[in-house]
Structure formats: C-alpha cells, structure tokens
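What follows is one structure encoded as structure tokens, with my remarks underneath.
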Amino acid sequence: MTSHRSNQKLPNLNGWNQPKPRHSLGYRVRHQTRSVVVSVVAAVLVFAGSAAAATWYDFDHAIDVNKLTIIPQKSGSTEDTVVDPNAGQVINILVLGQDTRSGEANKALGGPGDSENHQSDTAMVVQISADRSYINLVSIPRDSIVNAPSCQTTKGTVPARYNVMFNSIFASAYAKGGDLASAGSCTMAAVNSLTGLDIQNVIIADFAGMRDMVDALGGVNVCIPVATKDATTGIDLQPGLQHLDGTTATEYARMRHGTGTDGSDIMRTTRQQYLVKEIIKEALSKNLFTQSSQLYQLAKTALSALSISSGLANASTLVGLAMSMKDLDPTHLYMQTIPVTPWSQDINRVVWASNADDVWEKLRKEKPLTQDDSSATSNDSSASDSSSSPSASDDTASDSASASASASPTETVNPTTGLITKADGTLIDPNTGGIVNKKNGTITDPVTGQYLGIADRYLNATVCAVNAEE
C-alpha cells in the first residue's frame, strides 16, 4: 500500500467508459476529519464527472481547507484507515448534521438559538457495499436515550454517561474539546459502541452546507403530499411535485411544526431520508458531458461545505470511489430509521426497540437492508459464481423477486412502487415490514406505530404521479 504523495499520478479520468475504474489501490492516511445529511454521497457520485487535470489541484485545495484530526479512543482500532474503492471493501461512514447558528448563513437558516450550542440534529450511518451496487442508510433519532461510553477530546476525557439523549454526545464533546474533531470523534465512538460496527470515517455538515449543496445542484424535486406550512422555518408549500431551492429544501428538512408533520423528530427524520434520496437521484440524472461545469461546481461546493475524514478526504480516493459507483441504481439506496419505542420516563423521548439490533446485524454482516439472511446468503452464492457485478436491471428484478417472496398467495406486489398489497388493501413495505400510509407515503412499525421511513417510489409514482424511473 502506497502513501499519499504530492507528485502522485492522476487516476484515469476516462474510467466512465471502462467496465471498472482504473486507479491506484489506495493510500495510507491518518485518522483526520474534514469539513445536512449525506450530501457527500451525491458529491462522490458526481466528482469524477467533473474532475479533470486542470482542476485537480483546485479540488485538493478545497479538500484541505477544513481539516480536523480524529482523536484515537481507548477502545477500537487506531491503525490508519484506508478507503480503497478498488479493494472490494465495504465503506462505513457516520454522517452528522450539525445544528449551529455560528456564522450569518447558519443563523439565518437556523433561526433563534445559541450559536455556541453545538448539537447534532441529524445522524445517519451510511454503508456503501463492497461491489458498489447499493447503499444502506440508517438514521438514529436525535432524541434517542442511550448510554454513552467515555471518549477522548482534544482537551481531555468525557466520562461515560447513562440515559442521555443521543445528540448530547456531540454537544458535550464539543463543549469539552472546543472543536468538531472532538464532537465527531466522540459521536463515532458512541455509535460503534452502540451498534457493534467499526466506523472510522465521519462527515459533518451544517445548515449552510446543505443549502449550498442543493443550490449547486440547481434545486431538487420533492413530492409534497399535503399542504405544508410552518411559521418557524417559513415553509409554505402546496401539495404536489415542488422544485425546492437550497434554502427551502433545508427548511423542509428541519421543520417539526405546523401542517404536514406531527411535531416529532422521528417524522422529521423520514423527510430527511426522502430528501437525501431525491438529491442523489438529481445528481445521478445530470449529463456528465453537457453539464460538466455544473457538476464541477456541485462537487467543489460539497467538498468545501463538508467536514470529511481523511479516509475519504483525498482527491484520488474520491475520484476512484465515484467511478466505482457510476452505475448505482437510485432504487438501491436503502433507508430506514432504527426502530424505537417511547421511553418509559418521558414520552417525548425514545429508546431503541428490541428489534433494533436486527438492523445493525445486517450492516455488521454487510447485507442490504432489503434482504433477510436466507436470501442474502443465496445471493452471495450466486455472486461468487459471477465474474462481474449484477446490472441495475438484474438488481431491480432481484428486489421484485424478494418482495414477491415476502407476499402470501392472497397478496400482490406492485412493480412500480415495490409495495405489497394485502387482501384488505393495506400497503406493506417489504423491506421493513412496515405499514405504508396511502396519503403521505410514511412507513410505520406495525407494533409500535413509530415511523420507519418514507416509501419514496410510492410517494412519487402515486401521490404525485411522477414516473418512478425518472
């Protein structure tokens, strides 16, 4: 494995026309973090299309502007982490959306609040599959009551705590260490402790970063199922397909009050998941040849707006990863909120449900959230006999077959939405087993009634009558 050198050769930038990306095997890099919500995934997907030799060092400079150091923890690996897109390895990333009023842009978007009260209002574990054919994304509600292990900051140790809100881990570490490196490192250590995963890369974004990312993309189409108005954020949207600019999209992701929501953080999380998927679909829809200048600005904006750990924060690594994900089917971006139940001591807080570990187990086993263990094992066996990754059409057929296998003889599967219709007309999401609300597409747990996500294909194709393939 080679170290990163300033005189390294540029990777093959014509790899989009090749069956596989051609670039070096990876770099040895230090645990460093750099600067809402998986904007980085969209940036990675378009990076290679906008990169050229003339702009290579411009990107490197954008990446180097906000560099933070991940602080080694007492538990877990302290070896250098390498994100090597050619090695066939799964990549796990913790994505955090920072709620801060620091700076005029964040203050304008965030509204009233303490600029020093650094919270993490969005937390998502992103898992990119080894063959780059799908992405798992699991949201952790900020109001989750958890046990936080002790962690190291730049200015000392934060002791272990019990029964604390998840987003307070970020805030407490920031208060102790005074920087994002401390906040991101401690939150990552807690997630690893809680899930059994070994995440070594963190991405942090704020309000302004989310806004700038969407604006660089040219806005994003979002299906609004009901009239949505909120005086706190200024949102005022009519039902139907709406094209949102960066400010409106950020407000849509943040809102918890007014119409179109029940005021809970859990429902807000489902909207954030849906918005993330629509952003990535928009990025993938761009023509790499006719819209290269827009893609370049999109990638540079994202890289400048985000704090990314150095396992990813390397221009060659990002280009290589982007090329390896160029054929990703947006329908294979699998999202779910971790199952929760109300906390016995406070109904406004939640605890992870008994089946929450089933979700983390799939990520630990590096399986898509759509598969049970038996079907995953079967697919693995088939994959081992193939010399190449399955095509997007093969994957879609596999998803339909999986949904059909979950349906009983009296149930039907809609090939457009992917949902199962029971004999009584109830819609079931085959990935989570949740019940789909026909009016707004939300998916709820049949036992707890808590939100698990949004059936985006159903929402777009039925509620807003948008072709799911567009």
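The values are calculated or read from the model by the stated rules, or taken from the named source; none is laboratory data. Note that the structure is predicted; figures quoted are calculated from it, not measured. So basically every Cβ, Gly included, is an ideal-geometry build from the backbone, and we count neighbours across all protein chains shown. Side chains are part of the model used for accessible areas, which takes the heavy atoms of the whole protein and leaves out ligands, DNA and RNA. Shrake-Rupley method; radii C 1.70, N 1.55, O 1.52, S 1.80 Å.
Below are the figures for this structure:
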read-out: Positive-end residue, segment 420-463 charge dipole about Cα centroid, Cβ charges, pick of Asn460, Leu427, Asn437; value: Asn460
read-out: Listed residues Asp121, Asp357 arranged by accessible area, highest first, probe 1.4 Å; value: Asp357, Asp121
read-out: Solvent accessible area, Å² - Arg349, 1.4 Å probe, full protein context; value: 70
read-out: Against the rule of thumb 2.2 N^0.38 Å, how large the Cα Rg of segment 420-463 comes out; value: 1.03
read-out: Shape metrics for segment 175-258, restricted to C-alpha atoms - Rg then Dmax, Å; value: 17.0, 46
read-out: Relative packing of peptides 153-160, 262-269 - highest average C-beta neighbours within 10 Å first; value: 262-269, 153-160
read-out: Segments 212-220, 361-369 sorted - mean Cβ within 10 Å per residue, highest first; value: 212-220, 361-369
read-out: Calculated FRET efficiency for the pair Gln297/Thr448, C-beta based, R₀ 41 Å, to 0.05; value: 0.40
read-out: Efficiency of FRET from Cβ geometry, Asp262 and Val466, R₀ 30 Å, rounded to 0.05; value: 0.75
read-out: Modelled FRET efficiency - R0 45 Å, Asn348 with Thr410, Cβ distances, 0.05 increments; value: 0.70
